[in-house]
Amino acid sequence: MPKLYDYVLSGSCYKVRLMTALLGVTYETQAIDFYPGREHKSPAMLALNPLGQLPVFEDYGLVLRDAQAILCHLANRHDPAGTWLPRDQRFGQVMMWLGFAGGELMAVSAARMVSMLGYPGDLEALRAKGRMAMRVIEDHLSDRQLAGGIWAVGDTPTIADIALFPYVMLSHDAGIGHEDYPAINLWQRQVRRLPGFVGMPGIPDYF
Amino acid sequence: MSLTTDQAALDQWYVLGAVSHFPFGTPVETGLLGEPVTVTRRDDGVTVIGAGRSLPVRTTYNHVWTSFGTPARDIFALPEATEPDRRWLYCGGVRVAASGLRLIENFLDLAHFPYVHTDILGSEEKPEVAKYEVEQRRDVDEIWATKCEFFQPKAAAASDGGQISQYMYRVVSPFNVMLYKTPPTAPNRWDVIALFVQPVDETHSIAHPFMLVIDPTSTDAEIIAFQQMIFLQDKIVLENQRPALLPLQPGRETPTRADLSSVLYRRWLKEKALTFGTEPRTDGVAAGA
Ligand SMILES: [Fe+2]
């Protein structure tokens, strides 16, 4: 059975939990005491991921790190129809948003760690970067909606939506509200309606 | 922001974190009651500096406690702390943009379990809060709620299925609370789950959950993850609550029958004339009246 090394408050681990739920993939989890225990930096975890980060996902004898890579793996292995990771002209756009989700948007994650858990860091600078990333998503989704679309890429949900969703939604933990992002609000309601959707602490099902 | 002048708030013990979470030798900046404080852990103990002076420090229950004033009592007794088979878990501080008093009141509230902790601490099929008893124990100056019962689909990290959990709540000071709850693995004993709230300012708090539990099977990571999951579900509710400050004025918020402990808690705060983290009253009644 696949295994997720998981931290319940991590938006990156949530990407994997959400994708597996949407695909109906069963897996086991091992809770890692990321905070306050810093278990992701323990020798046992560094042996699995020398970067000392979560999530780590084991499947088919592979040990995978990086939430975006794991999303690709899940779509590749468990979605034979290829709707979550289309191989046509949408592929490049999906990859582009995956890179963004693991790159610029992670400023929201960093701001959240400072704001919520007291990690060291320049909160205002991180929030500013986080808002810039949110603005890029808002403008993109707004264009999509004006053109009659809703998803990040194409006419169906893809792993790009799943990669973007967690930290967009957890931004309020970083002190970034959603008042200025109407297109994001429309989009996130659609993500929540996907069959098999699961939330996480801070992303309740009832909002 | 500057140190509060609320004497009732000043004359209390506050937790600034678990001792083990402070690094040796490196001063850690934090805040309490509107004032910056600096905690330094050394081989020979912990010092806390705030408002330009050394503050009193206790390390009771392996937490750093301090006070700006003169607490009337020592830190509360916790007999379970001497039981050898209990696991001590320090779940780490979580910052919440809310009044610390709101955190305590939310912790006391059984009625929110089905809606905020759906399918974990409560079920939308069984949302009723059975009658329970509340009392103010004047000898120790604590609030107790007892004989609380609630159906819980997943009461704790070690749960295999649903159970009727028995609860007792104990408020030991305005910003420190704990609950006693039947563990899935030892129904004749009580797990202790404490929430120590560090009020940084009137609308920002750091919650320090601390557990003394009987659970021979779960890993530390599993127990801490369970507690953090529950607390983060509360955090989003707390940060969206309006008004952010706790109203003590009659009529500002209407309590329901399930809020018996909240009613007594607010009355107890009024009796203490505590105002830090409370909404300014507009009815002309001074704090404590
Ligand atoms: Fe709660």
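The values are calculated or read from the model by the stated rules, or taken from the named source; none is laboratory data. Keep in mind that what you see is a predicted model, and the values were worked out from it rather than measured. Cβ atoms come from the backbone with ideal geometry, glycine included; neighbour counts cover every protein chain shown.
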Please work out if B:GLU142 is away from the ligand (no atom under 14 Å from the Cβ) and either farther than 24 Å from A:GLY202 by Cα or among the small types (Gly, Ala, Ser) (or both). yes
Residues of segment A:102-117 satisfying the condition of being touching a Gly at 6+ places or on another chain (Cβ under 7 Å) and over 15 Å from B:LEU232 (Cβ atoms): A:ALA107, A:VAL108, A:ALA110, A:ALA111, A:VAL114
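Any idea which residue in segment A:111-121 is farthest from the other protein chains (Cβ to nearest Cβ), counting only those that are assigned to a helix (DSSP H, G or I) and in contact with a helix residue (DSSP H, G or I) (Cβ under 6 Å, 6 or more places away or on another chain)? Steps first, answer last, please.
Here is the first cut: in segment A:111-121, the residues assigned to a helix (DSSP H, G or I) are A:111-117.
Those still in the list that are in contact with a helix residue (DSSP H, G or I) (Cβ under 6 Å, 6 or more places away or on another chain) too: A:111-112, A:114-116.
Details: A:ALA111: 12, A:ARG112: 10, A:VAL114: 9, A:SER115: 6, A:MET116: 5 Å.
Here the answer is A:ALA111.
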Could you identify the single residue in B:ARG281, B:ARG189, B:ARG266 that is basic (Lys, Arg) and either within 24 Å of B:VAL116 (Cα to Cα) or in the same structural domain as B:VAL39 (by TED's automatic domain parsing) (or both)? B:ARG266
Looking at B:ARG87, is it within 14 Å of another protein chain (Cβ to nearest Cβ) and charged (D, E, K, R)? yes
Inspect segment A:151-158 for any residue being within 14 Å of chain B (Cβ to nearest Cβ), within 16 Å of the chain's Cα centre (by Cα) and of a type in the set (S, T, N, Q) and give the result as yes or no. no
Residue list for segment A:141-164, restricted to those being of a type in the set (A, V, I, L, M) and either part of a helix (DSSP H, G or I) or in contact (Cβ under 8 Å) with a residue 60 or more places away in the chain (or both): A:LEU141, A:LEU146, A:VAL153, A:ILE159, A:ALA160, A:ILE162, A:ALA163, A:LEU164
Out of segment A:120-136, which residues are within 20 Å of B:THR30 (Cβ to Cβ) and not charged (D, E, K, R)? A:PRO120, A:GLY121, A:LEU123, A:LEU126
Here are the criteria: (1) within 14 Å of chain A (Cβ to nearest Cβ); (2) within 14 Å of the ligand (Cβ to nearest atom); (3) under 28 Å from B:VAL15 (Cβ atoms). Tell me which single one B:ALA158 does not satisfy. (2)
The strands (runs of 3 or more DSSP E) lying wholly within segment A:1-110 that contain at least 2 residues that are more than 14 Å from chain B (Cβ to nearest Cβ) and over 14 Å from the mean Cα position of the chain (by Cα) are A:56-59, A:62-65
Among the listed residues A:GLU124, A:GLU179, A:GLU138, identify the single one that is part of a helix (DSSP H, G or I) and either within 13 Å of chain B (Cβ to nearest Cβ) or touching a Phe, Trp or Tyr at 6+ places or on another chain (Cβ under 6 Å) (or both). A:GLU138
Could you check segment A:11-45 and list, in sequence order, the residues that are closer than 15 Å to B:GLN228 by Cβ and among the polar types (S, T, N, Q)? A:THR29
From the list B:THR47, B:THR40, B:THR30, B:THR26, pick out the single residue that is hydroxyl-bearing (Ser, Thr, Tyr), in a loop (DSSP other than H, G, I, E, B) and not assigned by TED's automatic domain parsing to the domain that holds B:GLU202. B:THR26
Those residues of segment B:97-138 which are under 20 Å from B:PRO209 (Cα atoms), surrounded by 19 or more Cβ atoms within 10 Å (Cβ to Cβ) and more than 12 Å from the ligand (Cβ to nearest atom), in sequence order: B:ALA98, B:SER99, B:GLY100, B:LEU101
Quick one: in segment B:223-251, which of the residues that are facing chain A (nearest Cβ under 8 Å) and of a type in the set (D, E, K, R) is farthest from the ligand (Cβ to nearest atom)? B:GLU239
Give the residue, chosen from A:VAL114, A:VAL136, A:VAL94, that is in the same structural domain as A:PRO157 (by TED's automatic domain parsing) and under 22 Å from A:GLY24 (Cβ atoms). A:VAL94
Somewhere in segment B:165-172, is a residue outside any helix (DSSP H, G or I), within 16 Å of the ligand (Cβ to nearest atom), in the same structural domain as B:GLU83 (by TED's automatic domain parsing) and at pLDDT 95 or above? yes
